[in-house]
Structures are given as structure tokens and as C-alpha cells.
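Asks: The following block contains the structure, expressed as C-alpha cells.
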Amino acid sequence: MNVNEYTIEEVAKIVGGRLFQNNDLQNVISELLIDSRQIVKPEASLFFALIGRHDGHNYIELLLERGVTNFIVSNLKDNYRNYPANFVLVENTLVALQKLAAHHRKQFNIPVVGITGSNGKTIVKEWLYQLLRMDKNIVRSPKSYNSQIGVPLSVFLINGDHNFAIFEAGISQMDEMEKLERIIRPTIGIITNIGEAHSENFISLEQKAKEKLKLFKDSDVLIYCKDYPSIQTEVANSDILSTKIKLFTWSRKTKADLQISKVTKDNGATIIQGIYQNDFKNINIPFTDEASIENAINCWALMLQLKYEDDLISERMELLSPVTMRLELKEGINNCSIINDSYNSDLGSLAIALDFLNQQKQHEKKTLIISDILQSGRDEENLYQKVAGLIKTKNINRIIGIGEAISKYENLFSIKKQFYKTTDEFLKEYLPIHFNGETILLKGARAFGFERISKLLQQKNHETILEINLNAVANNLNYYRSRIKPDTKIMAMVKAFSYGSGSFEIANVLQFQHVDYLAVAYADEGVELRKRGIDIPIMVMNPDLQSFDAMLEYYLEPEIYSFKLLNHFSEAIKLRAQYQTLKPFPVHIEFDTGMKRLGFEEEDLNELIMKIKNNKYLKCQSVFTHLAGSEDVNHDKFTLEQIEKFKRISEMFTEHFTYPVIKHILNSAGITRFPEAQFDMVRLGIGLYGISPDENEQKHLTNVSTLKTVISQIRNIDAGETVGYNRRGVATKSMQIATVAIGYADGYSRRFGNGHGKMMVNDKIANTVGSICMDMCMLDITDIQAKEGDEVLVFGSAYPVSDSARDVGTIPYEILTNISQRVKRVYFQE
């Protein structure tokens, strides 16, 4: 048995659990599983039923159906004993996961680099991989797996082929680092910096630094920058670190092991000069930002500690490439969707990318374009056997392999396939007709230049793009989940193109995150979602007579707000029942409690109850109402009156039905401000997209949408000259004007013209000048260093859409929903 394989009996002993063995098969466990949607090898998987926002125990039956037979549980239900599976009962499944990973780590005597800090952990880890992978077979944290769950999953990836490891560790509160230290047990430590990120649960930066230093209590070497007083103070006074630890320091201000003497930025690159062991040394990196300089110095320090030759360090530092730890989803040619992950190539990140590919339901056909996996020291045939097995498990329809190594083992792949020795060879044979109606994952090492393939496959759009952070959508959803009771359902609003963010792309994420309902404005939006693979319940808020057939065909549930609508829908369903057997069709009844927009009144109750009860084709799925001013404290009295009225009406209505009827009233603002009115379900709208009128709540939400454009041209104008149509922009002094590629046809309203609108150019605010044109507008960049082609932020984290809306006296809803369909949406997931 390999060192990274365990029997269920061994696992039970390691985690200190009680084994209930109902399956005689002695499957060797080599895969840890915490998500029922991410199975790779069911027969070799051990599922940990973690309890967090979801209870992992609820997915055991599903996993059994998919072939998983080994489980770690903290709740041994009676019916488990009837399952042909093995269960290890423990007090805490997360602690069991950490114990198993800690045991696994002890089986390997290899150098392990542990990285922590407020920022830069992932970049330093990935750059170290780039710098060292030619000499070492490295295992590292996938993406940014640095949490109490991510770290054990990362460490369990170590196998007998590896001779070097790099893991990052992140914490958000006290007493977390000790647990991670027992799992990672780093021999070499790097603390990148200390800042305010994730500081909510620490009373000071010194306390935070002290907690992070616990990761290195038994390390042989610690690398850090002396220029952070909180780190230097805690290291100097530490009673945590071993007395035998070697401190490798660097500084730009004071004497250190690596003393940085000069930093010179020129033409997109930076020369960093330093003194080490009384010798003058330098490196050249292809970046100029301060964060990259600091990250590169940390990497330099480690390479010096590992005694790499100066010439080799310099050579490799010049080749450092940007780290993009995100998967990008874009529209492609011929109704394709493109997932771009052509930044790194290793088995761990391939599994993550394939999971993301399988989340996409818009196309049945799935194609993988993959390069050689560049890893030192691993047996190639064994590597590509694992790749082939992974692809088979993930139900990929076609593989296109590029590279000499993967081409050598094309016989291992049993699906439709093409192989090419080089990217140029592929491009010579490329024709657009080779790709149609499919989701394509690009997964390659940077050396293969897959960006050339990406450009060919992407739909052509202009340079203004709206980036949508899918992780942020999930984070915001989970924040609101934390504010409601576990049994309260969530209806997520995806109407109006998901507030401008996209339709099926957002719906895919919400379906993956197990929301209970989606809501769209019109039936055609729901039809599109059904065609793209969304199968959870969908409510249509504005059904019209012409859409009833489509709603019945695609099982879209109408909101009913008037007797006219109810009668027409009843007629439509009766007609359909003449040639199709139908179950009672769900409808959602809206009551008007004060909005005075749509809905039945209280005096309509008796007739409404009679009509629905006597109609064998209808089922009342839910009753609801809209709050008129839940976000405004000035309207709280009115809101409470609405809640009480709805409670009274809904109870009078539902008591006449023998089946349960869902009640819901709260919108995003109401979830936070009126938690006592959750009823059975809440409707999550603008908060899902990272926007709240409450400043305190806004701190807990993550920005979802970022609108960017570019500078098309820069020109200098003199005092008295005018800018734009009707000469509305008048220069009162000599100015520098940037024309940017966004206008009112893109959704950037004319109201932003003449200085009312602002954008950010190289982290500085720039005001609009003159009128907004159809396809472009002008900015005053007189005091801003910029060049043509530079990126311009219209709104995003640094300049929120709520600020942009405030500039022209409107609300974020209007700004977001006005963004034109011609603006390319780019979806990404970290």
C-alpha cells in the first residue's frame, strides 16, 4: 500500500473514532471528500460530513448512489446501519479531518514551506512554484486553500513522489493557527506582512502577528521583513519560536540579512539591488507595483536560503509571470462558453477547473483543451493515467491535448480526442466550425501560450467589460444565510438579467449553492434558464397571457395578483389538460399590504380561497407581499404594519388548505432589519449582488460587479478650448483629456456628463468632461499619470456602484440594470 493510502480501519484509529463496518470491500482510501458535487474516485473516497452552512450528513444517501462507501460522521442515524457502507463516528468531523491530515504529514520527511501573512500568501506560493519547479517535485496548496478545511485537504495531497512542499495558512480569529501548525509542520516559514485584512477578531496588529507566528514554533528557518514593526517586535520578544530557529531577515530601511539598497522602476520592470553576506546582488522582475516587489523579495530570500546560484536566481526572476488564481467564464463563438484557466498546470488545479466546468449546465457537450502538465520528478505515464482517470470521472466529451508529453500517452484517453505537439500545430488546423454549442475549458501551462487560443474562441466585443465575481455571489448568499433560521428557504432574484450581471451564469451558481427558488420578471427569462440546464423552481413575477403555454411547458410558476390573471391562467391549464395529464400546477399569490402596486386585497380573500380550492388544476405554492420601505428607518412603523397585516391575511388564507403553503415577505433589507418576519422564505435581491443601504451590513458583503474600460486616446487642450458635442466641456486651464471606450449605448447615462460622473484612472478619481457620447466619453486626467491603453474603473470595489449612483441622484439598481448587452460579461471564480 502506498504511503498516501489508508484502510477504513486505519482511519478510524487515526481519528479516534468508532467504526461501524457494513461493507466488506477493503477499498483503499486515497481521496478526501467534503462536497458531494466533487467526486473524483468514489470507490477510493472518504467523505467527511462537515457541519457548517450545510450539514454534510444530508448528502450521504446521494453519495451512496454515486459509489462512495466510506464516511466520517458525527451523527450515526439508525438507517445508516442498513447502508452497505462504513461509518466512523467521531465527535467533530472537522477535527477528524485535521487529525488525519496531521498524521499524513508525519509520514513525510521533506522540506515544507509554510506561508502566512495578511496579503501576498498565494502570490508568494505560486511564484516559488514557478522558481523551483524545474529542480523539485513540489506539492502546494491548490488555489488559495489556506483555511481550517483547505489546509488539511492540501496537506493530504503529499505523496511519495514529492520532495518539496509549499502550503499557505490563513486565519481570521484567535487559536486557529495552532491547529494549522499541527497539520503543516513547516520546516521553513515565511510571514509576508501584517495588515488590516481579516483583523475583525484581533485587538491589535501585534496580537495578530503573535498568533501568526505560532505557525513557525518548530520551524528551522523563518523569513520575514523587519520593516513591519508588529512582526519585528513579536519575533524579538517571542516565547513561541524555538530557540534553535534561524531568522532570515530582509529590509529596505535597516540592517538585515538581505538589505535592499535600491529599487529602480523602468519600462514595466523593476531592478532590485541588495546586499547579502557582504556581496552586492540584484534581480530584475517584470513588475513595478509595490506588492509584487515585496513578494519577489520574499521569494529571493528563500532562494538565497536554499543556496541557489545568483545567476540562476536572476534568470528565473526575470521569467516570473502574473498569477491569476481565478477561472474566467466568457461567451464564445458559435454559442460556446469558454472557461479560461490557462495560467498553471497541475493535477490539483485541473480537478478544481473540471468541477467548475461541470457546474455549467448551459451546454451538454464539454471539451477540455489541455497542455502538458509541467511537473518535475513525477513519472509521466502515471501522471497522465491520473489525468485520464480524472477526465473520465468528470464526464468530459472531448479532449484536445497539446504538448509532446501528453501526446505520447494519447492511448490512455478513451474519449473523442485530438493531440498536437505544439500550440502552433493546433492553430494551423483550427477552424471555428470545430466548436459549436459546447463549454470549453482551456487548461494549460503559460509556456504554451493558450491566450492565443482563447482569443480565437472568444466572442468579439469591444474593450469595455463587466466582470462578475461568482465567489462574491456565493459569499453574499452565505452571509444572508447566516442571518436566517436554518429551515428558512431562500428565493433568489435573477430578474432583469440578474440585475445586469447575467442570467444562467448567476443561476448556475445559485443552483449549485442550493437556493430553494429563483424569481424572474418575465417568462422568457425563465425559459432561457430552463434551456440552459436550470431545474430548480422558478417563479415568474410578471406573467402575461401570451406566455402561459411556455410557462406550462417549462414548468415556470406564475405570480398571481388579480382575478383576471387567475381566470386566464386557469383556462390555459384546463386547455392543456385536455391532451396532457397534469398535476396541480403551483401558483404564487400576491397580497397588497400597502405597496399599492399589485396584489389581492383583504376583501378578496373569500372569493380567492374558493376559486383556488375548487380548481383541481391549481396548487397554492406560496403567498407573499412586497414591503414598501424596509430599508428606511423612517418607514419602520409602516413596515411593521405591513408585516402584521400580511401575517393576519396569510393565516386567514392558508388555514383553508390541507397542504403547507409557503409564506414570504422579506427582501434583502428586511432580512437584516426585521428578522422576526422571516416566515417560511425570504426573497434575496440586491444584497446578493453586494449592495446594501446599511453601512454596517455593507461591510459584510463582497463586491460582485466591476465595470472596466480603457483609455483610447490622450490629448492636451488649452484654456478656452471645448470638449465634446455642443461644446459643453470648456477648459478653464490647460488640461489633459482621456477619451475612454464607454458611452450611453453601453449604459453609461448622459446624466454622468459635464463632471457629474467619476471614474478611477490608476487609483485616482477622474471627472467626466463634456457630454457623454454614444460610444465614448472624456475624462480630465490633468493630474494623473496615464497612457493610452490603461485600464479605467467605472465602478467596482475601489469606487462602488452606490457612489456612482449617488453622483447622478439615482439608485444602484438603475446603474446595474442599464448596462448594455453589448458590454462583454466576464465571469470568474477564484
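The values are calculated or read from the model by the stated rules, or taken from the named source; none is laboratory data. Values in this document were obtained by computation on a predicted structure and should not be read as measured data. Note that we place each Cβ from the backbone using ideal geometry, even for glycine, and neighbour counts take in every protein chain shown. Heavy atoms of the whole protein, side chains included, go into the accessibility calculation; ligands, DNA and RNA do not. Shrake-Rupley method; radii C 1.70, N 1.55, O 1.52, S 1.80 Å.
Asks: Any chance you could count how many residues in segment 312-341 are assigned to a loop (DSSP other than H, G, I, E, B) and either more than 17 Å from the chain's Cα centre (by Cα) or closer than 14 Å to Trp127 by Cα (or both)?
Replies: Final tally of qualifying residues: 8.
Asks: Another one. Would you tally the residues in segment 363-402 being modelled with pLDDT of 90 or more, closer than 21 Å to Glu451 by Cα and either of a type in the set (Lys, Arg) or open to solvent by 10 Å² or more (accessible area, probe 1.4 Å) (or both)?
Replies: Matching residues across segment 363-402 total 3.
Asks: So which pairs qualify, if the first residue must be in segment 773-801 and touching a residue at least 12 places away in the same chain (Cβ under 8 Å), the second must be in a strand (DSSP E or B) and open to solvent by 70 Å² or more (accessible area, probe 1.4 Å), the Cβ gap must be under 7 Å, and the two must be at least 6 apart or on different chains?
Replies: Once the first residue is touching a residue at least 12 places away in the same chain (Cβ under 8 Å) and sits in segment 773-801, its partners that are in a strand (DSSP E or B) and open to solvent by 70 Å² or more (accessible area, probe 1.4 Å) give Ile784/Lys764; Glu788/Gln713.
Asks: Is it fair to say Ser154 is over 15 Å from Gly189 (Cα atoms), of a type in the set (Ser, Thr, Tyr) and not in a loop (DSSP other than H, G, I, E, B)?
Replies: Criteria met by Ser154.
Asks: When you scan segment 752-773, do you find a residue that is closer than 17 Å to Glu463 by Cα and among the acidic types (Asp, Glu), even just one?
Replies: There is no residue in segment 752-773 that is closer than 17 Å to Glu463 by Cα and among the acidic types (Asp, Glu).
Asks: Give the residues of segment 521-535 that are in contact with a strand residue (DSSP E or B) (Cβ under 6 Å, 6 or more places away or on another chain) and closer than 21 Å to Ile686 by Cβ, sorted by residue number.
Replies: Gly526
Asks: I've got another one for you. Out of all the residues in segment 783-811, which are open to solvent by less than 60 Å² (accessible area, probe 1.4 Å) and either at pLDDT below 90 or assigned to a loop (DSSP other than H, G, I, E, B) (or both)?
Replies: Ile784, Ala786, Gly789, Asp790, Gly796, Tyr799, Pro800, Val808, Thr810
Asks: Touching a Phe, Trp or Tyr at 6+ places or on another chain (Cβ under 6 Å), within 21 Å of Ile662 (Cβ to Cβ), in a helix (DSSP H, G or I) and open to solvent by less than 70 Å² (accessible area, probe 1.4 Å): which single residue out of Leu566, Leu529 fits that description?
Replies: Only one candidate passes the filter, namely Leu529.
Asks: Follow-up question, since we're still on this one. Check Leu575 against each of (1) part of a helix (DSSP H, G or I); (2) surrounded by 16 or more Cβ atoms within 10 Å (Cβ to Cβ) and name the one condition it does not meet.
Replies: With (1) part of a helix (DSSP H, G or I); (2) surrounded by 16 or more Cβ atoms within 10 Å (Cβ to Cβ) applied to Leu575, the lone miss is (2).
Asks: I would also like to ask the following. Which of the numbered conditions does Glu309 fail, given that it passes all the others? Conditions: (1) over 34 Å from the mean Cα position of the chain (by Cα); (2) farther than 30 Å from Asp379 by Cβ.
Replies: (2)
Asks: Just the residues that are open to solvent by 10 Å² or more (accessible area, probe 1.4 Å), without any contact (Cβ under 8 Å) to a residue 60 or more places away in the chain and aliphatic (A, V, I, L, M), please, taken from segment 663-712.
Replies: Ala669
Asks: Sticking with this structure for a sec: Among the residues of segment 118-140, what is the count of those that are of a type in the set (S, T, N, Q), open to solvent by less than 20 Å² (accessible area, probe 1.4 Å) and either assigned to a helix (DSSP H, G or I) or more than 15 Å from Asn163 (Cα to Cα) (or both)?
Replies: 1
Asks: Follow-up question, since we're still on this one. Among the numbered conditions (1) open to solvent by 40 Å² or more (accessible area, probe 1.4 Å); (2) in a helix (DSSP H, G or I), tell me where Phe653 comes up short.
Replies: (1)
Asks: Restricted to segment 205-234, and to residues that are at pLDDT below 90 and of a type in the set (A, V, I, L, M, F, W, C), which residue is nearest to Glu181 (Cα to Cα)?
Replies: Only one residue fits best here, namely Ala209.
Asks: Within segment 278-320, track down each residue that is closer than 22 Å to Ala165 by Cβ and not aliphatic (A, V, I, L, M).
Replies: Asn295, Asn298, Cys299, Trp300, Gln305, Lys307, Tyr308, Arg316 - these are the residues of segment 278-320 that are closer than 22 Å to Ala165 by Cβ and not aliphatic (A, V, I, L, M).
Here's the yes/no breakdown for (1) among the β-branched types (Val, Ile, Thr); (2) within 20 Å of the chain's Cα centre (by Cα):
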residue: Val112; (1), (2): yes, no
residue: Thr122; (1), (2): yes, yes
residue: Leu132; (1), (2): no, no
residue: Asp135; (1), (2): no, no
residue: Val155; (1), (2): yes, no
residue: Asp161; (1), (2): no, no
residue: Met174; (1), (2): no, no
residue: Met177; (1), (2): no, no
residue: Leu180; (1), (2): no, no
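Asks: Does at least one position in segment 70-83 carry a residue that is touching a residue at least 12 places away in the same chain (Cβ under 8 Å), touching a strand residue (DSSP E or B) at 6+ places or on another chain (Cβ under 7 Å) and aromatic (Phe, Trp, Tyr)?
Replies: Checking segment 70-83: at least one residue is touching a residue at least 12 places away in the same chain (Cβ under 8 Å), touching a strand residue (DSSP E or B) at 6+ places or on another chain (Cβ under 7 Å) and aromatic (Phe, Trp, Tyr).
Asks: Can you name every residue in segment 476-512 that is part of a loop (DSSP other than H, G, I, E, B), modelled with pLDDT under 90 and crowded, with 18+ Cβ neighbours inside 10 Å?
Replies: Selection gives Gly500, Ser501, Gly502, Ser503.
Asks: Now for a separate question. Do you know which of the residues in segment 97-117 that are in a strand (DSSP E or B) and in contact with a Phe, Trp or Tyr (Cβ under 8 Å, 6 or more places away or on another chain) is farthest from Asp220 (Cα to Cα)?
Replies: Among them, the one singled out is Ile115.
Asks: So, Asp524, is that one assigned to a loop (DSSP other than H, G, I, E, B), farther than 18 Å from Ile468 by Cβ and either charged (D, E, K, R) or at pLDDT 90 or above (or both) or not?
Replies: Spelling it out, it is not the case that Asp524 is assigned to a loop (DSSP other than H, G, I, E, B), farther than 18 Å from Ile468 by Cβ and either charged (D, E, K, R) or at pLDDT 90 or above (or both).
Asks: Also, I was wondering about something else. Of all the residues that make up segment 28-58, how many are open to solvent by 30 Å² or more (accessible area, probe 1.4 Å), more than 19 Å from Val151 (Cβ to Cβ), without any contact (Cβ under 8 Å) to a residue 40 or more places away in the chain and outside any helix (DSSP H, G or I)?
Replies: The total comes to 2.
Asks: Give Gly629, Gly720 a once-over and let me know the one that is among the small types (Gly, Ala, Ser) and either crowded, with 18+ Cβ neighbours inside 10 Å or under 34 Å from the mean Cα position of the chain (by Cα) (or both).
Replies: Among Gly629, Gly720, only Gly629 is among the small types (Gly, Ala, Ser) and either crowded, with 18+ Cβ neighbours inside 10 Å or under 34 Å from the mean Cα position of the chain (by Cα) (or both).
Asks: If only one of Ile110, Ile115 is surrounded by fewer than 24 Cβ atoms within 10 Å (Cβ to Cβ), in contact with a strand residue (DSSP E or B) (Cβ under 8 Å, 6 or more places away or on another chain), modelled with pLDDT of 95 or more and β-branched (Val, Ile, Thr), which one is it?
Replies: Ile110
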